[in-house]
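The values are calculated or read from the model by the stated rules, or taken from the named source; none is laboratory data. Only a predicted model underlies this, so the values are computations on that prediction, with no experimental measurement involved. All Cβ positions, even for glycine, are placed from backbone atoms using ideal geometry, and neighbour counts span all protein chains on display.
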Amino acid sequence: MFRNQCLCCGSSELLEIVNLGMHPMADTFVPADKLDVADRVYPLICDLCPSCKQIQLRTITDPDERYVDVDYSYTSSNSQTSRAHWQEYAQHTSRVCHLPKGSTVVEIGSNDGYLLEQYSALGFRSVGIEPSPVMASMAQARGMHTELGYFSLAKAVELVEKLDLKPKLIVANNVFNHSNDPLDFAKGISTLLDRSGVFVFELPYWLASIEQGKFDQIYHEHVSYFTVLYARNLFEAVGMHVIDVEEVDYHGGSIRVYVSHDASIKKPAVIESFVERESKAGLFCLDTYKDFSKNIEDHKNAFLKHLYSLRSKGKKVICVGAAAKGNTFLNYYKLDQFSIDFVTDASLSKIGKFTPLSRIPIQDDAAISKYEEVFIIILSWNLEAVLKKKLAEINPNINLLNPFSS
């Protein structure tokens, strides 16, 4: 089923800007005993709403297929880089939002509870909302109060009544863009948040993706693709205000957006500077995406020519980082277990499984050590600096391949 209306303003005038073909869910890794079960695949197409500048996926997918039907495997604490980021996040947001000790912090999409744990350590009451039963149980094992379910306006009303919640701070990281109904999500924030409180959300910045020529953060779990202009328009539609924006170097380039009921604390110059950058970059012009699509197709063709040449000579090619973005890359390039020997990862929740559709086995990073010559594609390119150092320690004979340049 396809979306034929904008998720923000309801306009039926939607323009196709990116089409990556047919893809499975990107963050669903396949256990060995499910290899005979075919993956469901859907068109991965982005549309632009000219009216409010929302960028959204055309295909509607069931959230349960993403987070409940399988053991969701991404964890917030999966690397030292991630842990350091969320430690800094808790300290920074509590400070700039002037959060009084003992205040309630609600995290939407609280995952394994790692960020909630950081707020608790700083002296705040932490409550999580998480749709994945596996992740919720991990958070509860940390001692974090976690409500199971998807966030919505109805869920916000339930939390206010059930837990007597009116938090001073609500956070949602890499989750707002997953919502099938961002307008309802925003209404839920407006209902749940204390009138003097702040909502902070962080997610990949669409401008960074387009400027870097990266397509792999497009996948079915990411329903919306955020710009500051769109965020401002979305919250204005529910009577709230984007008051500040920070650009952070996480996931290859993200924005951290601050939202409040109170327009008087807004930083107009900061917000306008982001909006101006987005306009100058042509994010709302079709020609930008014609060039973008041609460039990624050209890079794909050039890289595949090189890769197949290596494989014809019997060379070992291994991918590093079983990330959701990696699955978009593998399936757009149509790579599989015949063109890639295996994928490696440090996460125990992924090792022993297989990548969706491409069916490439996932092994421990140490498996790279046994080769005298090996070619490496780093799928988690946002962690490239850290991974290159680690890989050199495992095997000094690696040769790095860059699939994003011709």
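Below are the figures for this structure:
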read-out: Members of segment 172-211 found to be closer than 19 Å to Cys6 by Cα and either part of a strand (DSSP E or B) or of a type in the set (Asp, Glu) (or both), listed by number; value: Asp181, Asp184
read-out: Odd one out for Asn331 among (1) out of contact with any helix residue (DSSP H, G or I) (no Cβ under 9 Å at 6 or more places or on another chain); (2) over 19 Å from Phe404 (Cβ atoms); (3) modelled with pLDDT of 95 or more; value: (2)
read-out: Criterion: more than 30 Å from Glu88 (Cα to Cα) and buried (at least 19 other Cβ atoms within 10 Å of the Cβ) - qualifying residue of Tyr289, Tyr250, Tyr258; value: Tyr289
read-out: Segment 336-349, subset of a type outside the set (Ser, Thr, Tyr) and under 23 Å from Lys390 (Cβ atoms), residue surrounded by the most Cβ atoms within 10 Å (Cβ to Cβ); value: Val343
read-out: Residue match in segment 129-142 (condition: in contact with a Gly (Cβ under 9 Å, 6 or more places away or on another chain), outside any loop (DSSP other than H, G, I, E, B), among the charged types (D, E, K, R) and surrounded by 22 or more Cβ atoms within 10 Å (Cβ to Cβ)); value: yes
read-out: Number of the condition not met by Asp112 [criteria: (1) outside the structural domain of Ser224 (by TED's automatic domain parsing); (2) at pLDDT below 95]; value: (1)
read-out: Filter result for Val245 (over 30 Å from Leu330 (Cβ atoms), among the β-branched types (Val, Ile, Thr), out of contact with any Phe, Trp or Tyr (no Cβ under 7 Å at 6 or more places or on another chain) and outside any helix (DSSP H, G or I)); value: no
read-out: Answer residue from segment 354-390, given it is of a type in the set (Phe, Trp, Tyr) and over 23 Å from Thr28 (Cα atoms) and is surrounded by the most Cβ atoms within 10 Å (Cβ to Cβ) among those; value: Phe375
read-out: Criterion (of a type in the set (Ser, Thr, Tyr), at pLDDT 95 or above, surrounded by fewer than 22 Cβ atoms within 10 Å (Cβ to Cβ) and touching a helix residue (DSSP H, G or I) at 6+ places or on another chain (Cβ under 8 Å)) met by exactly one of Ser179, Ser152; value: Ser152
read-out: Test: Ser126 is surrounded by 19 or more Cβ atoms within 10 Å (Cβ to Cβ), hydroxyl-bearing (Ser, Thr, Tyr) and in the same structural domain as Phe226 (by TED's automatic domain parsing); value: yes
read-out: Whichever residue in segment 71-110 is within 18 Å of Leu169 (Cα to Cα) and among the small types (Gly, Ala, Ser) and, among such residues, is surrounded by the fewest Cβ atoms within 10 Å (Cβ to Cβ); value: Gly102
read-out: Test: Glu221 is in contact with an Asp or Glu (Cβ under 7 Å, 6 or more places away or on another chain) and closer than 27 Å to Gln80 by Cβ; value: yes
read-out: Wholly within segment 312-371, strands (runs of 3 or more DSSP E) carrying at least 2 residues that are polar (S, T, N, Q) and not assigned by TED's automatic domain parsing to the domain that holds Asp216; value: none
read-out: Members of segment 226-236 that are farther than 16 Å from Leu193 by Cβ and either modelled with pLDDT under 95 or aliphatic (A, V, I, L, M) (or both); value: Val228, Leu229
read-out: In segment 261-282, residue surrounded by the fewest Cβ atoms within 10 Å (Cβ to Cβ) [restricted to those that are aliphatic (A, V, I, L, M) and over 17 Å from Leu234 (Cα atoms)]; value: Ala269
read-out: Filter result (among the aromatic types (Phe, Trp, Tyr), under 20 Å from Pro50 (Cα atoms) and part of a loop (DSSP other than H, G, I, E, B)) within segment 212-242; value: Tyr225, Phe226
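Results for (1) within 15 Å of Ser77 (Cα to Cα); (2) hydrophobic (A, V, I, L, M, F, W, C), shown as yes or no for each residue.
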residue: Gly102; (1), (2): no, no
residue: Val105; (1), (2): no, yes
residue: Asn111; (1), (2): yes, no
residue: Gln118; (1), (2): yes, no
residue: Leu122; (1), (2): no, yes
residue: Ser126; (1), (2): no, no
residue: Ala136; (1), (2): yes, yes
residue: Leu163; (1), (2): no, yes
